[in-house]
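Undergrad: If you scroll down you'll find the structure; I have some questions about it.
The values are calculated or read from the model by the stated rules, or taken from the named source; none is laboratory data. Keep in mind the model is a prediction, meaning the values are calculated, not measured. As a convention, Cβ positions derive from the backbone with ideal geometry for all residues, glycine included, and neighbour counts pool all protein chains shown.
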Amino acid sequence: MKKLILVIALGLSAIATLPAHAATAAGTFDVVINLTSKCEINSTNASTGAVINNVVFNYTSFQTTAATSTGGGFNVRCTNSLPYTLALSNSGVTDDAVGLAYTLSLSASSGTGNGTDQAFTVNGSMAANQAGTCSGSTCTNTAATNKTKTLTITY
């Protein structure tokens with residue numbers, strides 16, 4: 001019995017001298033990101049009515065060369081790698097105030113977003129030899145009901 005007690009005592013002292021270990025547990029998880037892609041005209045959400053520079057024609061009745069427009073510049077900013085297309089609401093029109101016909105076109109009709117502003121232009125052309133309608137020495141189309149156009153970005 002003394003031997004048994006001695007063996008137990010020696011075993012307990014050996015266990016008591018072992019270093020204590022902290023227990024740990026580990027787990028893994030994913031970070032989930034939900035990105036909603038977007039395009040903007042001139043760094044403004046298009047649904048808020050982003051302003052695009054006006055397209056301007058200077059024309060003299062019966063001029064012998066076609067008139068090209070000035071202005072019409074705008075920027076598109078889209079999410080990186082997002083493809084998009086651009087479209088005008090009406091590209092061929094006869095202005096209902098001054099009676100001059102013109103066409104509009106875009107410098108490009110599509111692109112791929114890169115996260116920064118990408119420059120585009122609405123270009124205009126007005127054919128030569130048009131009379132127009134004007135009761136004075138000069139007229140503008142401020143009263144025209146068909147002068148406002150819409151640029152749409154689809155993405």
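Undergrad: Any idea which residue in the stretch 54-64 is farthest from the chain's Cα centre (by Cα), counting only those that are assigned to a loop (DSSP other than H, G, I, E, B) and free of Cβ contacts under 8 Å to residues at least 40 places away in the same chain? Steps first, please.
TA: Here is the first cut: in the stretch 54-64, the ones assigned to a loop (DSSP other than H, G, I, E, B) are 54, 57-64.
Those left that are additionally free of Cβ contacts under 8 Å to residues at least 40 places away in the same chain: 54, 58, 60.
Numbers: Asn54: 20, Asn58: 31, Thr60: 38 Å.
That would be Thr60.
Undergrad: While we're on this one: Quick one: is Asn75 in contact with a strand residue (DSSP E or B) (Cβ under 7 Å, 6 or more places away or on another chain) and either surrounded by fewer than 13 Cβ atoms within 10 Å (Cβ to Cβ) or of a type in the set (Gly, Ala, Ser) (or both)?
TA: In short, no.
Undergrad: Taking the stretch 74-123, which residues are closer than 20 Å to Thr152 by Cβ, hydrophobic (A, V, I, L, M, F, W, C) and in a strand (DSSP E or B)?
TA: Once the filter is applied, which keeps residues that are closer than 20 Å to Thr152 by Cβ, hydrophobic (A, V, I, L, M, F, W, C) and in a strand (DSSP E or B), the stretch 74-123 yields Phe74, Val76, Cys78, Leu86, Ala87, Leu88, Val93, Leu104, Leu106, Ala119, Phe120, Val122.
Undergrad: Examine the stretch 122-142 for a residue that is surrounded by 13 or more Cβ atoms within 10 Å (Cβ to Cβ), at negative phi and touching an Asp or Glu at 6+ places or on another chain (Cβ under 8 Å), and state whether such a residue exists.
TA: Checked the stretch 122-142: at least one residue is surrounded by 13 or more Cβ atoms within 10 Å (Cβ to Cβ), at negative phi and touching an Asp or Glu at 6+ places or on another chain (Cβ under 8 Å).
So that you can scan it fast, the table gives a plain yes or no per residue for (1) on the phi > 0 side of the Ramachandran plot; (2) aliphatic (A, V, I, L, M):
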position	(1), (2)
Val76	no, yes
Thr79	no, no
Val93	no, yes
Gly99	yes, no
Ser110	no, no
Gly113	no, no
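Undergrad: Taking Thr148 as the residue in question, decide whether it is under 20 Å from Val56 (Cα atoms), over 25 Å from the mean Cα position of the chain (by Cα) and surrounded by fewer than 16 Cβ atoms within 10 Å (Cβ to Cβ).
TA: Working: under 20 Å from Val56 (Cα atoms): yes; over 25 Å from the mean Cα position of the chain (by Cα): no; surrounded by fewer than 16 Cβ atoms within 10 Å (Cβ to Cβ): yes.
Considered against the rule, which asks whether it is under 20 Å from Val56 (Cα atoms), over 25 Å from the mean Cα position of the chain (by Cα) and surrounded by fewer than 16 Cβ atoms within 10 Å (Cβ to Cβ), Thr148 comes out as no.
Undergrad: Further question: Residues of the stretch 84-102 being over 18 Å from the mean Cα position of the chain (by Cα), modelled with pLDDT of 95 or more, more than 11 Å from Asn146 (Cβ to Cβ) and loosely packed, with under 14 Cβ neighbours inside 10 Å, which ones?
TA: Within the stretch 84-102, Ala101 is the sole residue that qualifies.
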